[in-house]
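The values are calculated or read from the model by the stated rules, or taken from the named source; none is laboratory data. As the structure is a prediction and not an experimental result, all values here were calculated from the model. Cβ sites come from the backbone with ideal geometry, for glycine too, and all protein chains shown count toward neighbours. The protein model used for the area step is the full one, side chains on, heavy atoms only, and it has no ligands, DNA or RNA in it. Shrake-Rupley method; radii C 1.70, N 1.55, O 1.52, S 1.80 Å.
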Amino acid sequence: MRDDIRDWRHVFKLDPDKTISDEHLELLCNSGTDAIMVGGSSGVTFDNTIDLLSRVRRYAVPCVSEISNLEAVVPGFDLYFIPVVMNSRQGQWITGRHREALKQFGKMLPWESLVPEGYVVLNPDSTVAKLTHADANLGRHDVVACANLTEKLFRLPVCYLEYSGTFGDMDLVRQVRDNLEETQLFYGGGINSADKARQALAAADTIIVGNIIYEDIEQALSTLVHR
């Protein structure tokens, strides 16, 4: 399953702390997206995560978890994405929380199902930037350096540029991708139309579509321009 992510072009990201109808969930899961990612920056619990997982599991689409807190670790996902926030000012978001997870779950972890991500948070006003104390006002060279840390030093399989609700600088995204050799570049933020999806897909390997799901389901579905 880990090898399959190399082929992913489009992922819908669902927040367990937000409400989605069965009708809209069915549309997303049967849309042709490459995967459903479950995760969020706040309000994510064991109960709302397992509830969303059970609903997505009615469909054949791969379902993966992006873990933001230990209380929301739920068995049964195909893969578990583990963010390492490369531009955090606090070590707990780089290794601290990860060490705690190993203390609690080390003997039970499905290592073959874990996918570490080098997370680079680039919207200083976002919830995730405030939560992780990210230095989000980075220059171009700093962003590229974070990508190099992800690939060359940490040797992580995924680098995730997270603009969280705002549409980012596609020239910068493209520059980061061109700088990477093996690490896959995920991009998320502000993809709320087919046009923006095309722009993001031209710059990154994989796009993550989230907020627009809860604002305009038809626009969310229109982002499947890779099909």
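If the requirement is being surrounded by fewer than 17 Cβ atoms within 10 Å (Cβ to Cβ), among the charged types (D, E, K, R) and in a loop (DSSP other than H, G, I, E, B), which of these qualifies: 182, 218?
Every option except 182 fails the conditions.
What residue, of 89, 58, is under 26 Å from residue 222 (Cβ atoms) and open to solvent by 40 Å² or more (accessible area, probe 1.4 Å)?
58
In contact with a Leu (Cβ under 8 Å, 6 or more places away or on another chain), at positive phi, surrounded by fewer than 20 Cβ atoms within 10 Å (Cβ to Cβ) and not in a helix (DSSP H, G or I): is that true of residue 32 in this structure?
When the stated conditions are applied, residue 32 passes them.
Scan segment 51-76 for residues that are modelled with pLDDT of 95 or more and hydrophobic (A, V, I, L, M, F, W, C) and jot them down.
Matches in segment 51-76: 52, 53, 56, 60, 61, 63, 64.
Would a scan of segment 163-171 turn up a residue that is more than 15 Å from the chain's Cα centre (by Cα), assigned to a helix (DSSP H, G or I) and crowded, with 17+ Cβ neighbours inside 10 Å?
No, every residue in segment 163-171 fails to be more than 15 Å from the chain's Cα centre (by Cα), assigned to a helix (DSSP H, G or I) and crowded, with 17+ Cβ neighbours inside 10 Å.
Restricting to segment 185-212, name every residue that is assigned to a helix (DSSP H, G or I) and open to solvent by less than 10 Å² (accessible area, probe 1.4 Å).
197, 200, 203 - these are the residues of segment 185-212 that are assigned to a helix (DSSP H, G or I) and open to solvent by less than 10 Å² (accessible area, probe 1.4 Å).
If you scan segment 92-109, which residues turn out to be modelled with pLDDT under 80, open to solvent by less than 80 Å² (accessible area, probe 1.4 Å) and either among the aliphatic types (A, V, I, L, M) or part of a loop (DSSP other than H, G, I, E, B) (or both)?
Residues satisfying the conditions are 101, 106, 109.
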